[in-house]
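Take a look at the structure below.
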Amino acid sequence: MNQTAARYRRALAGVSHVVSRIPDDRWNAPSPCTQWTTLHVLGHLVDGQHQLAALLTGQGLREPLKDPIAAAGGDPASTWAATTRHMDSLLAAVDPAAVVPSHHGDITVEAVLGTAVIEPLIHAWR
């Protein structure tokens, strides 16, 4: 596996570690992100993975959801687990040298992942 994809998987695993420790009664707790709850942040991350998957599979750019909570679903931990499984399979299959459209023009998958990794790293709060 490409090092950039492996780094991205490690970042997702960091979020998974945090998500696995969130009690059910804490999803509506404030987060370090102003005016967002823990559920907002997780929904933002789930939606971000869907946006990234669209880029990596050639579906193109997709705007973020206006309400990130909608992406978290009724069982946020399960939603995140399904999202990471999907990303794992996608990362295993994607060609790092493939060129895809992005918000910054046409760039390689490796470059997209190198930039996108900041989201799970920033939001894997403790």
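The values are calculated or read from the model by the stated rules, or taken from the named source; none is laboratory data. Predicted model only: the values in this text are computed from it and were never measured. A quick note on method: Cβ atoms are made from the backbone with ideal geometry, for glycine too, and the neighbour counts reach across all protein chains shown.
A quick yes/no check of all residues on (1) assigned to a helix (DSSP H, G or I); (2) surrounded by fewer than 16 Cβ atoms within 10 Å (Cβ to Cβ):
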| site | (1), (2) |
| --- | --- |
| 13 | yes, yes |
| 35 | no, yes |
| 44 | yes, no |
| 53 | yes, no |
| 60 | no, yes |
| 63 | no, yes |
| 80 | yes, no |
Practice item. Just give me the residues in region 1-11 being farther than 17 Å from residue 81 by Cα and crowded, with 17+ Cβ neighbours inside 10 Å, in sequence order. Key: 4, 5
Practice item. Starting from residues that are in contact with a helix residue (DSSP H, G or I) (Cβ under 8 Å, 6 or more places away or on another chain), in a helix (DSSP H, G or I) and not polar (S, T, N, Q), keep the ones in region 15-33 and report whichever is surrounded by the fewest Cβ atoms within 10 Å (Cβ to Cβ). Key: 26
Review point. Of (1) under 16 Å from residue 75 (Cα atoms); (2) free of Cβ contacts under 8 Å to residues at least 60 places away in the same chain; (3) polar (S, T, N, Q), residue 16 satisfies all except one. Which?
Key: (2)
Review point. In region 65-77, what residues are exposed (fewer than 12 other Cβ atoms within 10 Å of the Cβ) and either outside any loop (DSSP other than H, G, I, E, B) or of a type in the set (A, V, I, L, M, F, W, C) (or both)?
Key: 70
Check your understanding: Assuming residue 115 fulfils every condition listed in (1) farther than 17 Å from residue 44 by Cβ; (2) assigned to a helix (DSSP H, G or I); (3) at pLDDT below 95 apart from one, which condition is it?
Key -> (1)
Exercise for review: Take residue 102 and decide whether it is without any contact (Cβ under 8 Å) to a residue 24 or more places away in the chain, among the hydroxyl-bearing types (Ser, Thr, Tyr) and on the phi < 0 side of the Ramachandran plot.
Suggested key: no
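Give the residues of region 82-105 that are of a type outside the set (Val, Ile, Thr) and assigned to a helix (DSSP H, G or I), sorted by residue number.
82, 85, 86, 87, 88, 89, 90, 91, 92, 93
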Point to revise | Residue under evaluation residue 101, criteria (1) touching a Gly at 6+ places or on another chain (Cβ under 6 Å); (2) closer than 30 Å to residue 21 by Cβ, criterion not met | key: (2)
Point to revise | region 1-35, residues that are in contact with a Gly (Cβ under 9 Å, 6 or more places away or on another chain) and either of a type outside the set (Lys, Arg) or closer than 12 Å to residue 69 by Cβ (or both) | key: 4, 8
